[in-house]
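The structure appears below as C-alpha cells.
The values are calculated or read from the model by the stated rules, or taken from the named source; none is laboratory data. Everything quoted here is computed from the prediction, not taken from an experiment. Note: ideal-geometry Cβ built from the backbone for every residue, glycine included; neighbour counts use all protein chains shown. When the accessible area is computed, the model is the full protein with side chains, heavy atoms only, and any ligands, DNA or RNA have been set aside. Shrake-Rupley method; radii C 1.70, N 1.55, O 1.52, S 1.80 Å.
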Amino acid sequence: MKKKGLLIVISGPSGAGKGTVCKEYLKNNPETILSVSMTTRQPRRGEVDGVNYFFTDVATFERMIDEGGFLEHAKVYGNYYGTPKSFVKENLLAGRDVILEIDIQGALQVKEKFDEGVFIFIVPPTMEELKRRIQRRGTETPEELLRRFKSAYEEINFITRYNYLVINDSVKEAAKKIEAIVVAEKCRVDRNSDFYTNLQGGIDNAISIHR
Ligand code: 5GP
C-alpha cells in the first residue's frame with residue numbers, strides 16, 4: 001500500500017513571513033503541494049485567482065460550508081478563509097505532502113479531525129520586526145495594520161498547541177528547519193508501524209527456518 005503524504009500545517013502571526021518561508025520550502029521540495037485556500041477577502045495587488053487564493057463571495061462560501069466542502073474554515077479579520085477538503089485528501093492519499101498555511105482557528109480544527117498532521121508555528125525574531133514587516137508590505141490600511149498587530153499578540157498565546165516553533169530570522173534557515181522537521185516526522189516510529197510489523201514478520205520467518 002502506498003504511504004500517505006504528510007499534512008504540514010503552518011500558522012503564525014501576520015508578518016511572520018509564513019508565505020515567504022513556504023515558497024522557499026516549495027522551491028526546494030517541488031513535489032510538496034501547497035493547498036490553495038478559498039477566501040471572501042478582496043484580492044491584493046498582484047494576487048491571482050486560483051494561485052494565491054480562490055476568491056469568492058460570501059454566499060458561495062457559506063454554501064460550501066453547508067455542503068461540508070471545507071476541511072476547516074474560519075473568519076479572519078472579518079473575511080472567510082477555508083481549505084477545500086477534496087484537494088487535500090486526494091493529494092495525501094496519492095502520497096504527496098500537503099502544506100496548509102492557515103490561521104490558528106483553522107489549525108485547531110484540523111488538529112481535532114486529523115491529529116496525524118504536523119503543526120508548525122512560525123514567529124518573527126521580535127515583535128518590533130513583525131511590525132516593521134507588516135508596515136513594509138504596505139498592502140493594509142492603518143486600521144487593518146493595527147488589527148493585525150493586536151491579534152499577533154493574542155496569537156502568540158497559542159504556540160503551545162503546536163508541535164514545533166520556527167523562528168524566522170532568515171527565510172533560508174527557517175525553510176531548512178521545516179525540512180528537518182518533515183524528515184524527522186517521517187522517521188517517527190508511530191508513522192512506520194507497517195514497516196516494523198513487516199520487519200518483525202521477517203524475523204519470525206528467519207527464526208523458524210533456522211529451527
Ligand atoms: P491574508 O489575508 O494575509 O492572505 O491571510 C490572513 C490570514 O488568514 C493568515 O493568517 C493566513 O494564514 C490565514 N489563512 C489563509 N488561508 C486560510 C484558510 O484556508 N483557513 C484559515 N483558517 N486561515 C487561512
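Structure data summary
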quantity: Odd one out for Leu71, checked against (1) touching a strand residue (DSSP E or B) at 6+ places or on another chain (Cβ under 6 Å); (2) open to solvent by 40 Å² or more (accessible area, probe 1.4 Å); (3) near the ligand (Cβ under 10 Å from one of its atoms); (4) not β-branched (Val, Ile, Thr); calculated: (2)
quantity: Total residues in the range 75-93, condition near the ligand (Cβ under 7 Å from one of its atoms) and either more than 15 Å from Thr60 (Cα to Cα) or open to solvent by 50 Å² or more (accessible area, probe 1.4 Å) (or both); calculated: 2
quantity: Candidate set: the range 22-33, residues that are under 14 Å from the mean Cα position of the chain (by Cα) and either surrounded by fewer than 16 Cβ atoms within 10 Å (Cβ to Cβ) or free of Cβ contacts under 8 Å to residues at least 40 places away in the same chain (or both); chosen: the one nearest to the ligand (Cβ to nearest atom); calculated: Lys23
quantity: Criterion: within 13 Å of the ligand (Cβ to nearest atom) and open to solvent by 40 Å² or more (accessible area, probe 1.4 Å) - qualifying residue of Arg161, Arg137; calculated: Arg137
quantity: Selection count, the range 115-129, where residues are surrounded by 15 or more Cβ atoms within 10 Å (Cβ to Cβ) and closer than 19 Å to Ile178 by Cβ; calculated: 8
quantity: Scope the range 189-211; condition exposed (fewer than 10 other Cβ atoms within 10 Å of the Cβ) and within 20 Å of Val98 (Cβ to Cβ); matching residues; calculated: Asp190
quantity: Contacts under 8 angstrom Cβ, first residue in the range 55-76 being part of a loop (DSSP other than H, G, I, E, B), partner polar (S, T, N, Q) and open to solvent by less than 80 Å² (accessible area, probe 1.4 Å), 6 or more apart; calculated: Thr56/Thr39; Thr56/Thr40; Asp57/Thr40; Gly69/Ser86
quantity: Conditions (1) more than 25 Å from Met127 (Cα to Cα); (2) part of a loop (DSSP other than H, G, I, E, B); (3) in contact with a strand residue (DSSP E or B) (Cβ under 6 Å, 6 or more places away or on another chain): number failed by Pro30; calculated: (3)
quantity: Pairs where the first residue, in the range 131-147, is farther than 15 Å from Arg44 by Cα and among the basic types (Lys, Arg) and the second is at pLDDT below 80 and open to solvent by less than 60 Å² (accessible area, probe 1.4 Å), C-beta under 9 Å, 6+ apart; calculated: Arg147/Glu140
quantity: The range 1-21 residues that are open to solvent by less than 30 Å² (accessible area, probe 1.4 Å), paired with ones that are of a type in the set (Gly, Ala, Ser) and away from the ligand (no atom under 12 Å from the Cβ) (beta carbon under 6 Å, 6 or more apart); calculated: Gly5/Gly95; Leu7/Gly117; Val9/Gly117; Val21/Ala174; Val21/Ala175
quantity: Among the candidates Glu143, Glu155, residue that is surrounded by 13 or more Cβ atoms within 10 Å (Cβ to Cβ) and at pLDDT 85 or above; calculated: Glu155
quantity: Hits in the range 97-118 - residues which are closer than 16 Å to Phe158 by Cα and either more than 13 Å from the ligand (Cβ to nearest atom) or of a type outside the set (A, V, I, L, M, F, W, C) (or both); calculated: Glu101, Asp103, Gln105, Gly106, Gln109, Lys111, Glu112, Val118
quantity: Filter result for Phe61 (farther than 30 Å from Ser193 by Cβ, more than 12 Å from the ligand (Cβ to nearest atom) and crowded, with 16+ Cβ neighbours inside 10 Å); calculated: no
